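Just so it is clear, none of the values below were taken in a lab; they were calculated from the coordinates. Predicted model only: the values in this text are computed from it and were never measured. For neighbour counting, all protein chains shown are included, and Cβ atoms are generated from backbone atoms with ideal geometry for every residue, glycine included.
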Amino acid sequence: MGQIRGAAMIGFLRLMVFWSVFAAVAYWSLLIYSRSVRREALEKQWDADPPDGSTDDMRRDFIEQGMAAYEGSLRRKLLWGVIVLPFIAIGTLLYLVNYA
């Protein structure tokens, strides 16, 4: 009986390692995509209505300020759900199956 539990634990750990790698790749892919979409929206916003006498430095500053605001936004924080929520779901299921 102890060997069965040990084998199951090794299988579970292997699942967690593979899931961690998958979740990290998914997170970084979504992060890069989301930042790209936000930057493009800021560029289009500036290009649609640039202030009079604007320079390239002013445009760059506008985009950098918009990206800095994005870094602290809820949308960026929600991306962490890609990593955290599956682990919570798996842990909850394991608890319910084994102890409830």
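A few points about this structure:
- Derived scalar couplings between HN and Hα for the range 70-81 equal 5, 4, x, 7, 5, 4, 5, 5, 5, 4, 4, x Hz in order, rounded to whole Hz, by the Karplus curve 6.51 cos²θ - 1.76 cosθ + 1.60 (θ = phi - 60°), x for Gly and Pro.
- The chain - mean residue ellipticity at 222 nm from DSSP helices (-39,500 (n - 2.57) per run, n ≥ 4, rounded to 500): -30500 deg cm²/dmol
- Computed 3J(HN,Hα) for the range 90-100, one whole-Hz value per residue from the Karplus formula 6.51 cos²θ - 1.76 cosθ + 1.60 where θ = phi - 60°, is 5, x, 5, 4, 4, 5, 5, 5, 8, 10, 9, glycine and proline marked x.
- Protection proxy ranking of 70-78, 38-46, by the mean of other Cβ atoms within 10 Å over each peptide's residues and highest first, is 38-46, 70-78.
- Taking other residues whose beta carbon is less than 14 angstrom from the beta carbon of GLU40, and scoring Lys, Arg as +1 and Asp, Glu as -1, yields +3.
- Ratio of the Cα radius of gyration of the chain to 2.2 N^0.38 Å, where N counts its residues: 1.74
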